[in-house]
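A short worksheet on the structure shown next.
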C-alpha cells in the first residue's frame, strides 16, 4: 500500500517543481469506492489542471489521466527549456524513470508532437504542434488580423485574394475576398485544393523538412490536373527550391487551365511557416511580365500578416538565403 501511495503522489511532487502555484482543493468522497479523494491544482499561466490523489490509483480512467498529465508535462518542459533536451534531462526535470519517459516520448513522437534530432538524439517539439497552433490561430483572431492586409492586396492587384493553411496533402482556404471584376475566379472559404499544384500549397510545402514532405505527398507519382502539373517528387523538390529562393510560389495553370495563382508564406512569432497568402486570377490578366510586380505585392501582404503574428524577419530568412529545416 505504501508503495502504491507513493507512486500516486509522484506526479504532484514533480509538478510542484515545475509549477510553484500548487494549491490544495477540499477533499471529496467517492461514493462507489467509499474513499476520500484529494485533488490538487497546478497552474500554467492562465491554464490550470486538477489532479486526483487516492491510495490505489487502480482506476483505468485515473491511470489514463495520469499518463496524459505526464505527456503534457514533457511538452511543457520542452517548450520552456528547449529547444532540445536529452532523455536523461527530461526524466530529471519531471522526476520520472527514464524508461517511463521513453515510452511517453515514443507515443508523442509517433503522433508528431515530439521529434528526435537525427544526429544528437535529443528531443524537441514536433511540427504537429505547429499544425495545431495554425488551426487554433485560424479559429481565433488569425483571420481577423490578416483581413485588412488581404483587402489591401485586393486593392493593389484587383484579383481574388485568399488565406490558406496546410492540412495533410491539401491546402484549406480559411479566408477569401473575391475580386470585384466581372471576370473573376470564385473561391470559397473552407475549400480544399491539392498542395503540389497550387501556389498557396507550394508556398507551404517549401518549408517542410524533407521527411515530412514525403510523408504528406505519399509514394508514387503526383496526380496530374493539367499538362503543366508537376507529377514527380523530384521535380516538385526542384520547384520548392525556387520558391524558397524567390520567397513566393507561382501556379502557372497547374491546377486548372486558364488560372494562375501567386502566394507567399506567412510566419508566426517563432519563424515557423503557418499559412500562405495569395491571389488567384485568369491567366490572361497575369502574363509572365506582370508576375514579378504582382508577387511583390503578395510578399508585402504576407510579411505584414507575419508581423501581426509577432514575426521579426532575420537576415537568414530573406529570399535567396538558406532556411533551416526546409527541403534541401
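Read-outs: derived from the displayed coordinates by stated rules, not from any lab. Bear in mind that the values here come from a model prediction, so they are computed numbers and not experimental data. Every residue, glycine as well, gets a Cβ built from its backbone with ideal geometry; the counts of neighbours run over all protein chains shown.
First measure r as the distance between the Cβ atoms of residue 235 and residue 107, then evaluate 1/(1 + (r/R0)^6) with R0 = 35 Å and state the FRET efficiency to the nearest 0.05. Walk me through the numbers before you get to the answer.
On the way: r = 36 Å, r/R0 = 1.03.
Working from the Cβ atoms, E equals 0.45.
Relative contact order of segment 130-317, taken over Cα pairs closer than 8 Å and 6 or more residues apart, is 22 percent. Peptides 143-152, 260-269 ranked from most to least packed by the mean count of surrounding Cβ atoms within 10 Å: 260-269, 143-152. Remark: segment 130-317 is approximated by an ellipsoid whose semi-axes, taken from the C-alpha gyration tensor as √(5λ), come to 22, 21, 15 Å, largest first. In this calculation the C-beta distance from residue 245 to residue 224 is compared with R0 = 22 Å, giving a FRET efficiency of 0.30. One decimal place: the segment residue 215-residue 86 gains 43.9 nm when fully extended, by the rule 0.36 nm per residue minus the C-alpha distance. Projecting label points 7 angstrom from Cα along Cα→Cβ for residue 147 and residue 270 puts them 2.8 nm apart. Consider a paramagnetic label point 7 Å from the Cα of residue 192 along Cα→Cβ; state which residues of segment 147-179 have an amide N under 15 Å from it. Only 165-174 pass the distance filter. For segment 216-306, what does the alpha-carbon gyration tensor say about shape, rounded, prolate or oblate, given a ≥ b ≥ c as the root eigenvalues, a/c under 1.5 as rounded, and a/b over b/c as prolate? Taking the square roots of the gyration eigenvalues as a ≥ b ≥ c, segment 216-306 is oblate.
Extension gain, residue 285 to residue 72, is 71.6 nm, computed as 0.36 nm per intervening residue step minus the present C-alpha separation.
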